[in-house]
Amino acid sequence: MSIALSCHDLSHSFPMAGGSLTVLDNINLEIETGEMLAIMGPSGSGKSTLMNLLGCLMTPVKGRLTVLGQQTAGMSREQLAELRSQHIGFVFQQFNLLARTSAQDNVQMPLMYNPDPTRDDEQQARHCLEMVGLGDRAGHTPNQLSGGQQQRVAIARALVNQPKILLADEPTGALDTKTGKEIMVLFKELNRSGITVILVTHEPEIAAYADRTIMVRDGKVESAT
Amino acid sequence: MIQIQLVNTALSSLRRNLMRSMLTTLGIIIGISAVIIMFALGEGAQKKVEQQIEALGTNLLMVKSSSVSAGGAKGAAGNVQKLTLDDVAALKREIPQIVAAGTSVNAQAQVVWGNENWNTRIEGINLDVLSAHHWEIQAGRTFSEQEMKSAAKVAIIGETVAEELFGIASMAVGETIRINKIPILVIGLLKGKGEDMRGSDLDDTVMLPFSTAVRRVIGGNSKYQDRIKRITVQVDDPSNMDWVAAEIENVIKQRHRVADDEPSPVRVMNLSQMMETRAEASQVFSSLLAGVAGVSLLVGGIGVMNIMLVTVTERTREIGLRLAVGAKPADIRNQFLIESVVLCLVGALLGLALSVLALIIAGPLFGWEMVLPTNIMLLSVAGTAVIGIGFGYYPARKAANLDPIEALRYE
């Protein structure tokens, strides 16, 4: 098994009045390709910061992060953007769909920043919508869709660049239990197709879908099961 | 490829806020229209002044006999000076730089042909008047030397008089008109010149040989006899104007036996210079107007910047999302730059259309002289694109520099 993501002595802190607040303290973590990992922990434990670091949305104050064999230290904003665009898909708690924009266009949007003249953008976006079971809703705008459907559109959007890694930050946090379960089933299917899935959650039932769960407390990885 | 998609994205987000986009554009529309209309009117005014200068003639000096105050202590009874045709001839003879020295006497009179009649200016001229003031004959001929000397009953008439009397101007030549009951043969028709700077019609005139006017038509009253109020002198070169002006005073003083220290019997004015001053004044005025219009365009540009800043703030989460899914800062910057340039360019084109429409409709309605300034039109549209980039850059850069995490969390 190859390593999808690895952290070595990863630390992060935010500047505060009179010093700095350490959020993550010397995290060492390896995530294998094809793994489904849940990151749990109480609010303020630093789990979201860890997620953002893993997704290259921020750069750590200290330590090294390797994504699919690439060292991220020293990369410019442009290079990080390219890395995210090509290899990492994001799913957010609040869906973050573009309002008054059709599901098709929402899903197609990331392709614009990863141009490839040989690819049929429209076709690829529709294919991703079909994968999440919304092939017949391509023309609907977010306010015409239910919460679960909106999250499915968001997942399709995360898949459209055919990423190796999918990061989901509380993907079921805004959904009811039944819909949340359906979304988790979808994540599980995607994981089986070979995508590395990392999700942040505070619900043990959601974490139960993962192969492995780690607990983050006070900036440290406390337990791994 | 990505640029085309950025344009589409920018257009659709402008469409989503259609009302706001239109109001923002309005500032640019007004600015551009103001610039173009002001330039058109300015150039129109300029052209009018140029036409007037052309109509007046070039390198002209005006010689006027000084008015002598009747009760003035210096003006002894016999000292009232008057200019004569001999003075005119002497000026031309003694100062070789003088190309033409035109003079005329004039009066208002009724001109009659058949049942038609028309009140107009009657001018008794010497031949130099025609060349000094750039008069051209469009039909018939000018006066011969013989006619000038013999006070022949012939006339050259202006277009306005010809049209009023004969209906069709070209019918005038060869007809006999009556002025103060004296029959006079029309031998020539002047080419039209339009209005002078005071707005009076230069073509509303009947020209007679000087001798004819003085002796037969308007000189019945002996007071008019051979008395010249002004002489128009055309000088060969602009650089000789001042020198010739001084020389004219000397020659007149000598001929009238006026001592050097006595007040000059004539005043010499540089007509061409006066006209040029007027032209410059009108230029300054139009530049001022264009400047004010430019300020309104600037205000429009600031409006665009303002609304772009609002847009960036409103769409912070969208920007965060785009950055998260792989948009490079430059992509975000370009998207917002395109939005502001599109706002400005649409405004510029609508403003262009509006101003052309306004000039075409209102121009004739208000009698504005105007010239559609093609170069200014192109320049202002190009300038607006620059305004779009200039005023859009700060908000666009602000958007591009957002931190994706912060932006995604923004409420």
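Miscellaneous remarks
- Of the criteria (1) within 13 Å of another protein chain (Cβ to nearest Cβ); (2) open to solvent by 60 Å² or more (accessible area, probe 1.4 Å), which one residue A:156 fails: (2)
- Among the candidates A:122, A:32, residue that is open to solvent by 70 Å² or more (accessible area, probe 1.4 Å), away from chain B (no Cβ under 13 Å) and over 21 Å from residue B:405 (Cα atoms): A:32
- Elements of type strands (runs of 3 or more DSSP E) contained in segment B:134-238, each with 3 or more residues being open to solvent by less than 20 Å² (accessible area, probe 1.4 Å): B:154-157, B:182-190, B:205-209, B:230-235
- Reported count of residues in segment A:63-78, each being surrounded by 14 or more Cβ atoms within 10 Å (Cβ to Cβ) and either in contact (Cβ under 8 Å) with a residue 40 or more places away in the chain or within 13 Å of chain B (Cβ to nearest Cβ) (or both), is 7.
- Inclusion of residue B:30 among residues that are more than 14 Å from every other protein chain (Cβ to nearest Cβ) and crowded, with 23+ Cβ neighbours inside 10 Å is not warranted.
- Number of positions in segment A:3-29 that are in contact with a Ser or Thr (Cβ under 8 Å, 6 or more places away or on another chain) and open to solvent by 70 Å² or more (accessible area, probe 1.4 Å): 6
- Those residues of segment A:84-107 which are surrounded by fewer than 24 Cβ atoms within 10 Å (Cβ to Cβ), assigned to a helix (DSSP H, G or I) and either more than 8 Å from chain B (Cβ to nearest Cβ) or not polar (S, T, N, Q) (or both), in sequence order: A:87, A:104, A:105
- Note on segment B:329-361: residues that are more than 9 Å from chain A (Cβ to nearest Cβ) and open to solvent by 20 Å² or more (accessible area, probe 1.4 Å) total 18.
- Yes/no for residue A:140 being away from chain B (no Cβ under 14 Å) and open to solvent by 80 Å² or more (accessible area, probe 1.4 Å): no
- Contacts under 9 angstrom Cβ, first residue in segment A:193-214 being touching a residue at least 40 places away in the same chain (Cβ under 8 Å) and within 12 Å of residue A:168 (Cβ to Cβ), partner among the acidic types (Asp, Glu) and part of a loop (DSSP other than H, G, I, E, B), 6 or more apart: A:196/A:35; A:197/A:35; A:198/A:35; A:199/A:170; A:200/A:170; A:201/A:170; A:206/A:170; A:210/A:35
- In the condition set (1) within 41 Å of the chain's Cα centre (by Cα); (2) in a helix (DSSP H, G or I), residue B:309 is compliant with all but (1).
- Taking segment A:109-118 as the range and being within 15 Å of residue B:4 (Cβ to Cβ) and open to solvent by 40 Å² or more (accessible area, probe 1.4 Å) as the test, the residues that pass are A:115, A:116, A:117.
- Within segment B:375-406, considering residues that are within 14 Å of another protein chain (Cβ to nearest Cβ) and among the charged types (D, E, K, R), the one farthest from the chain's Cα centre (by Cα): B:406
- Criterion (away from every other protein chain (no Cβ under 14 Å), surrounded by 18 or more Cβ atoms within 10 Å (Cβ to Cβ) and in contact with a Ser or Thr (Cβ under 9 Å, 6 or more places away or on another chain)) met by exactly one of B:300, B:326: B:300
- Of all the listed residues (B:264, B:272), the sole one being surrounded by 14 or more Cβ atoms within 10 Å (Cβ to Cβ), in contact with a Ser or Thr (Cβ under 7 Å, 6 or more places away or on another chain) and part of a loop (DSSP other than H, G, I, E, B) is B:264.
- Any hit, segment A:42-49, residues being in contact with a His (Cβ under 9 Å, 6 or more places away or on another chain), within 24 Å of residue A:186 (Cβ to Cβ) and more than 9 Å from chain B (Cβ to nearest Cβ): yes
- Count of segment A:13-50 residues, restricted to those that are free of Cβ contacts under 8 Å to residues at least 60 places away in the same chain, outside any loop (DSSP other than H, G, I, E, B) and of a type outside the set (A, V, I, L, M, F, W, C), is 6.
- Checklist (1) farther than 25 Å from residue A:49 by Cα; (2) surrounded by fewer than 22 Cβ atoms within 10 Å (Cβ to Cβ) applied to residue A:173, failing item: (1)
- Single residue of B:318, B:314 found to be closer than 30 Å to residue A:105 by Cβ, without any contact (Cβ under 8 Å) to a residue 12 or more places away in the chain and either open to solvent by 60 Å² or more (accessible area, probe 1.4 Å) or among the aliphatic types (A, V, I, L, M) (or both): B:314
- If the condition is being basic (Lys, Arg) and farther than 17 Å from residue B:214 by Cβ, then segment B:143-178 contributes only B:178.
- Scanning segment A:204-221 for residues that are over 16 Å from residue A:52 (Cα atoms) and not aliphatic (A, V, I, L, M) yields A:204, A:205, A:209, A:211, A:212, A:213, A:217, A:218.
The values are calculated or read from the model by the stated rules, or taken from the named source; none is laboratory data. All figures in this text were calculated on a predicted structure; none of them were measured in a lab. Glycine also receives a Cβ, built like all others from the backbone with ideal geometry; neighbour counts cover every protein chain displayed. Only protein heavy atoms, including side chains, enter the accessible area calculation; ligands, DNA and RNA are left aside. Shrake-Rupley method; radii C 1.70, N 1.55, O 1.52, S 1.80 Å.
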